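The values are calculated or read from the model by the stated rules, or taken from the named source; none is laboratory data. The structure presented is a predicted model; accordingly, all values stated were derived computationally and were not measured. Neighbour counts are summed over all protein chains in view; Cβ atoms, including those assigned to glycine, are modelled from backbone coordinates with ideal geometry.
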2 protein chains.
Amino acid sequence: MKGPYRESRTRAILKTVSWRILATFTTTLLVWLFTHEVGLAAAVGGLEAISKLVLYYAHERAWDHVQLGRREASPAVLWFTGLSGSGKSTIAEEVYAQLKRRGLKTERLDGDTIRSIFPQTGFTRDARDAHIRRVGYLASKLEEHGIFVVASFVSPYQDSRDFVRGLCNNFVEIHVSTPLEECERRDVKGLYARARRGEIQNFTGVNDPYESPTNPEVTVDTTTVGVDEAAANVLSYMQLRS
Amino acid sequence: MKGPYRESRTRAILKTVSWRILATFTTTLLVWLFTHEVGLAAAVGGLEAISKLVLYYAHERAWDHVQLGRREASPAVLWFTGLSGSGKSTIAEEVYAQLKRRGLKTERLDGDTIRSIFPQTGFTRDARDAHIRRVGYLASKLEEHGIFVVASFVSPYQDSRDFVRGLCNNFVEIHVSTPLEECERRDVKGLYARARRGEIQNFTGVNDPYESPTNPEVTVDTTTVGVDEAAANVLSYMQLRS
């Protein structure tokens, strides 16, 4: 291991072949144009083809050791914030799939998934804030190393989100602004009903506040906009066509 | 942005030039060998040089859109565990510097640095375990995306370390086994003295246990081995010469 990126032998072989077709055709044509001797043109072309196949392959493999001029796409942290049931995760999944389809290195961070891995993550203001800060740190470290991050968290507090914004290089805050009434009407996981019955404490929108982003980069309301259109809005903000 | 890795125009230009010198020399030699006509050989060589400069550059730029055969170095999580003052961080810093020098994508995670960023990180068994699990998750995500991680944490519990090992692909546990007496004699930060006076609770080695790794990949004791040698041991385990 002598550098971060390397190329395979297969790649060098394929390039050698595609170049040889292009180059030998040109050489043979040149010799024929100068001499009008088909035999000579074919002989030079044939010998050139054989010798340069070897040379070109060696040249490719030698350049593989040079890191100069290799670079990665400039990443971003896409942070979806909004009430439970607003459609954050669904849109985030679609954006994630689109980024992966472009071959970009992308990581998906989701509130529910991460809570199931981390012990000791409560729902008090302090616990939630600490949780979002830790996740934000993770996101910023991934971004720093060239990875797109698609994060979806209720993340109800402006302070926590601003802290994460400060850690990241290119932070895109996406407010999924579907109103409480609509989220509660859907109640996909039955959590609103339980919170209304007092079975869940600190439930955002019911007995805990949601502080709407003051200056989000993108806002989508899933009562009026479908998942595909919402994902397209996010990608178009990032100047990536869906 | 159409893929994770791209190459710059400068790289293509430099490759075009180096190839042209190699290739035109070969063609000119070939024509001369066949015809023994210096003028013809020079003319074909000259025209070939000009036409192929353009062709080769275009060929390089076209291949830049093909991701096939591009790959990264296979990373690892280097996890340094040991008592406060054992020399973990110092060796970790040296290993980190060596990996960076090789052009490898590397992230440094250190107990003290991370604690200063995260709120709510206590020193009880549960809090420490939760902290190590979170850091381990971060490390595993970075590794997943091709990044070397050099982590140094007291991480006194076997359970927490095993949890992290389970998350990672290539986990290298490095036990910095400098004995308690030596660590306490050094007492770089004066923490042992404070713990002995009862000013610090849950201090590993004094009033909290350190569970030595049962099967560490590397063990170093800084009473007998210097920093450079210790770093070299770690790198040689990874088959990287220092």
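Data table
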quantity	calculated
Residue match in the range A:79-88 (condition: in the same structural domain as A:Gln158 (by TED's automatic domain parsing) and surrounded by fewer than 17 Cβ atoms within 10 Å (Cβ to Cβ))	no
When residues of the range B:25-58 are limited to those that are touching a Lys or Arg at 6+ places or on another chain (Cβ under 9 Å) and more than 12 Å from A:Leu30 (Cα to Cα), the one nearest to the other protein chains (Cβ to nearest Cβ)	B:Thr26
Condition check for A:Val150: hydrophobic (A, V, I, L, M, F, W, C), in the same structural domain as A:Thr90 (by TED's automatic domain parsing), closer than 18 Å to A:Val206 by Cα and touching a Lys or Arg at 6+ places or on another chain (Cβ under 9 Å)	no
Of residues in the range A:59-85 being more than 19 Å from A:Ser140 (Cβ to Cβ) and touching a Leu at 6+ places or on another chain (Cβ under 9 Å), the one nearest to the other protein chains (Cβ to nearest Cβ)	A:Gly69
Counted residues, the range A:195-212 - those being touching a helix residue (DSSP H, G or I) at 6+ places or on another chain (Cβ under 7 Å) and modelled with pLDDT of 95 or more	1
